[in-house]
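Report on the structure given below.
The values are calculated or read from the model by the stated rules, or taken from the named source; none is laboratory data. Model, not experiment: these values are computed from the prediction. Cβ placement follows ideal geometry from the backbone for every residue including glycine, while neighbour counts extend to all protein chains displayed.
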Amino acid sequence: MKTPSTSSDTYPHWIYDNSPIPDPLGYGERAVRWLRSLKHPKSTLPRKQFQLDPWQERIVRAIYGPRDGNGNRIVSTVVILVPRGNRKTSLSAALALLHTIGPERVSGGEVIFAASDRSQAGIAFKEARGIVQADVKHLVPVTKVYDAFNSAKKIAYPRDGTELEVISSDAPSKEGRTPVFVLADEIHVWRGDGLWKVLTNGLDKIDNSLLVVATTAGRGQDNIAHEVIERARKIARGEINDPTCLPVLFEAPPDCDYADEELWRRVNPGSAHGYPSIAGFRRHVARAKDSPTERDSLRQYKLNVWLDHSTSPFVDMATYDRGAAPIDYETLRGAPCWIGVDMSKTTDLSSVVACFRDGETYTVLPHFFCPDEDIRKRGDLDGVNYASWAKDGFITPTPGNVIDNAAVADYIRSLAERFQVQEIGFDVAYAQAVMAPLIEDGFPVVTIRQGWVTQSPALNTLEAAIISGNFRHGGHPVLRWNFANVAIHKDANDNRIIHKSKSTDRIDGAAATWMAVSRAAAGDSGRSFLDNPAITADMLVLE
């Protein structure tokens, strides 16, 4: 089986090139024959035969054919990234049954359908249940299906004690699992990595287990789905050598022409076999031409373009990422800096961003604060890993269940020891407890209004720096997440302010950044901030 080695292309050419797939023990052929023996209630084939199309058959052979010298399966992880409507759920359900009642079953084996919630997990379960119940003669007599309302959903094969069970991240207990097969369904909507860790750790307990990730494209880069897909991309490109992982990635490039019908067919492998509907594609494209929301929906779900968090972003995140080169902040020691501070509610995320200016180039040093108590739960709720960011030094978790304002003030003092702090600009909301001791210590504290008059010109300055490649952020992951969450509101005069794309998003770092950059742009004359004519009625100097 050939795979790309040096190309940047992640497309699974091996599915179509007729290259040989090793099958020394005939297990790939055995799996294909068993799957073809199944029935499906919606099949249009004679006798409701399960439809296993050539592109799917190649995937099955690539999973079950290659074996090591001991006869063990080489592939232990399959990552299938395919647009909606390509029947990935049907294939995944059939593979799960292959391990529950088929020739890949292990006596007493635990097979799991995992999803973000019970409703989503139930979709794959219904597929598996439908396959079983469609074969009244062979499968119904030897299986037991448990599908009572609001209770555990299972398919059991009593002869060998194997069970297929549905679990989700909202289930009360997920620990203690030792599965032989896991379907991780639509991981792009999983919040946090708790369920992922439980299942992958469980799979590692035994030999010959199999993880199948089946998902469409998601949004943002600060989630387990992007991490999994990005690693699969590196394997597909040959940047990582890992024969245990089989990447099957059907995705269009971010800058693709979404109206290109040839691209639709390339990215949707089922299109050669009648699904998804090409006429439906054309209708969606017609809507997308006049609607940014429809355009994003088309790109994400039908072309598998991985999008940023916001549907109306401040800047293109690929452009933002040009400023991600490492920064040696020691070279800035003693340099003038302007600080923006966005304090959150006591239980959320607070941000301090120091900004340095060199001509038209702005360099920022961001840092964040959150409560230490229940930090993993908070991360799960926000869909990110605060605990990992804290371990890497990007966030300071303060003891207890609220942010310690003294810790924020002390951090600002530490910045003043390293740099020449010209101004410390606060969004006044929730900030008094940090501002007061700094004012008492004689620091140049100001408040910055958050309305159209102040924010819009500041965003123009920040946007120009980002687009021109003159904004350096060092790839700080929390700041990037905040910027990816930003959406823009405009008034009748095209003035702009930022807001959250969704109510659960965090944009504190982006808010602190525009404050810091705007004051650096206005206040780099070398004079005292008190003498700066750029300080207007929108700035309130606190003495």
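Quick notes on this structure:
- Of the criteria (1) crowded, with 23+ Cβ neighbours inside 10 Å; (2) in contact with a Ser or Thr (Cβ under 8 Å, 6 or more places away or on another chain); (3) closer than 25 Å to Thr216 by Cα; (4) not aliphatic (A, V, I, L, M), which one Gln300 fails: (1)
- Positions within the range 314-336 being within 15 Å of Phe471 (Cβ to Cβ) and either of a type in the set (Val, Ile, Thr) or modelled with pLDDT under 90 (or both), in sequence order: Phe314, Val315, Asp316, Met317, Ala318, Thr319, Ile327
- Selection status of Ile229, more than 20 Å from the chain's Cα centre (by Cα) and β-branched (Val, Ile, Thr): no
- Inspection of the range 141-155 finds no residue satisfying the criterion of being touching an Asp or Glu at 6+ places or on another chain (Cβ under 6 Å) and among the β-branched types (Val, Ile, Thr).
- Failed criterion for Ser344 (all others in (1) assigned to a helix (DSSP H, G or I); (2) modelled with pLDDT under 90 hold): (1)
- Val384 surrounded by 20 or more Cβ atoms within 10 Å (Cβ to Cβ) and either within 30 Å of Trp196 (Cβ to Cβ) or not acidic (Asp, Glu) (or both): yes
- You will find that of Arg105, Arg118, Arg87, the residue that is on the phi > 0 side of the Ramachandran plot and either within 21 Å of the chain's Cα centre (by Cα) or among the charged types (D, E, K, R) (or both) is Arg87 and no other.
- Scanning the range 98-125 for residues being β-branched (Val, Ile, Thr) and closer than 18 Å to Ala31 by Cα gives a total of 4.
Rundown of residues vs (1) modelled with pLDDT under 95; (2) under 18 Å from Asp342 (Cβ atoms); (3) out of contact with any Lys or Arg (no Cβ under 9 Å at 6 or more places or on another chain), yes/no style:
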{"site": "Leu381", "(1), (2), (3)": "yes, no, no"}
{"site": "Phe394", "(1), (2), (3)": "no, yes, yes"}
{"site": "Pro399", "(1), (2), (3)": "yes, no, yes"}
{"site": "Asp410", "(1), (2), (3)": "no, yes, yes"}
{"site": "Val428", "(1), (2), (3)": "yes, yes, no"}
{"site": "Gln432", "(1), (2), (3)": "yes, yes, yes"}
{"site": "Arg449", "(1), (2), (3)": "yes, yes, yes"}
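- Subset of the range 149-169 [modelled with pLDDT under 80 and either touching a strand residue (DSSP E or B) at 6+ places or on another chain (Cβ under 6 Å) or surrounded by 14 or more Cβ atoms within 10 Å (Cβ to Cβ) (or both)]: Ser169
- Filter result for Val140 (more than 30 Å from Gln300 (Cα to Cα), surrounded by fewer than 19 Cβ atoms within 10 Å (Cβ to Cβ) and touching a helix residue (DSSP H, G or I) at 6+ places or on another chain (Cβ under 9 Å)): yes
- Qualifying residue in the range 239-259 (condition: in contact with a helix residue (DSSP H, G or I) (Cβ under 7 Å, 6 or more places away or on another chain), modelled with pLDDT under 95, small (Gly, Ala, Ser) and surrounded by fewer than 18 Cβ atoms within 10 Å (Cβ to Cβ)): yes
- Scanning the range 439-466 for residues that are within 15 Å of Thr361 (Cα to Cα) and charged (D, E, K, R) turns up just one, Glu463.
- One residue stands out among those in the range 170-218 that are polar (S, T, N, Q) and modelled with pLDDT of 90 or more: the one that is surrounded by the most Cβ atoms within 10 Å (Cβ to Cβ), which is Thr216.
- Elements of type strands (runs of 3 or more DSSP E) contained in the range 388-492, each with 2 or more residues being over 30 Å from Thr331 (Cβ atoms) and either free of Cβ contacts under 8 Å to residues at least 60 places away in the same chain or assigned by TED's automatic domain parsing to the domain that holds Gly218 (or both): 486-490
- For the criterion of being free of Cβ contacts under 8 Å to residues at least 24 places away in the same chain and either not hydroxyl-bearing (Ser, Thr, Tyr) or not in a strand (DSSP E or B) (or both), Ser297 passes.
- From the list Ala354, Ala324, the one residue that fits, being touching a Cys at 6+ places or on another chain (Cβ under 9 Å) and in the same structural domain as Gln432 (by TED's automatic domain parsing), is Ala354.
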